[in-house]
Amino acid sequence: ENTSNFDIVMESDEGTFKPSGLGFTGNAKARDIVKEIMTLLLPINVTDVYDSADGTDIDYWMRDGVPGASLRDDLSKYFWFHHSQGDTMTVQDPKQMNLCAAVWTVVSYVIADMEEMLPR
């Protein structure tokens, strides 16, 4: 893979519960940019940037130096449904799901619209 074309890799694999921010793996300059982007989410109170991104689906690229982000949310009910018969769309809270979608929408749009790639 030619990872030089990858601006960021993102993973959302902990459900769609109330989000609090993003885990981020990358250098200090890239982290500062992501922190600035997250300030746009102040109206929905989702502004935290945690120390590292998690995710088996993005680890490969992060090890190669691609910045990575993973959604952090309230995991208190995650294993109530995860891989069970109750793991259906009917248990989703549309408001919380919309908040998660808003985080990814803002972050991906702003990063895609930047003139320069995220620093490595």
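The values are calculated or read from the model by the stated rules, or taken from the named source; none is laboratory data. The shown structure was predicted, so the numbers you read here are calculated from the model rather than taken from an experiment. Neighbour counts run over all protein chains shown; Cβ positions are idealised from the backbone, glycine included. The protein model used for the area step is the full one, side chains on, heavy atoms only, and it has no ligands, DNA or RNA in it. Shrake-Rupley method; radii C 1.70, N 1.55, O 1.52, S 1.80 Å.
Tabulated values for the structure
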quantity: Candidates K95, K35, K18: whichever shows maximal mean-square fluctuation once the chain is modelled as a Gaussian network with Cα springs under 10 Å; calculated: K95
quantity: Whole-number D in µm² s⁻¹ for the chain, Kirkwood Cα-pair radius fed into Stokes-Einstein, 4 °C, 1.567 mPa s; calculated: 87 µm²/s
quantity: Principal-axis tilt of helix 94-113 within the chain, Cα atoms, nearest 10 degrees; calculated: 10 degrees
quantity: The chain, dipole about Cα centre (Lys/Arg Cβ +1, Asp/Glu Cβ -1), debye to the nearest 20; calculated: 300 debye
quantity: Value of relative contact order over the chain, rounded to a whole percent, pairs C-alpha under 8 Å and six or more apart; calculated: 40 percent
quantity: Dipole of region 3-113 [Lys/Arg +1, Asp/Glu -1 at C-beta], most positive-end residue of T105, T56, V46; calculated: V46
quantity: The chain, accessible surface, carbon-and-sulfur percent (1.4 angstrom probe); calculated: 53 percent
quantity: Å² of accessible area per residue within region 3-113, as computed with a 1.4 Å probe and no ligands counted; calculated: 59 Å²
quantity: Euclidean distance of C-alpha centroids, region 1-55 and region 101-119, integer Å; calculated: 10 Å
quantity: Helix axis angle, 28-38 relative to the chain longest principal axis, alpha carbon, degrees; calculated: 50 degrees
quantity: Exposed GluC sites (Glu not before Pro) absent: longest stretch of the chain, with sites in DSSP loops and at most 14 other Cβ within 10 Å deemed exposed; calculated: 2-114
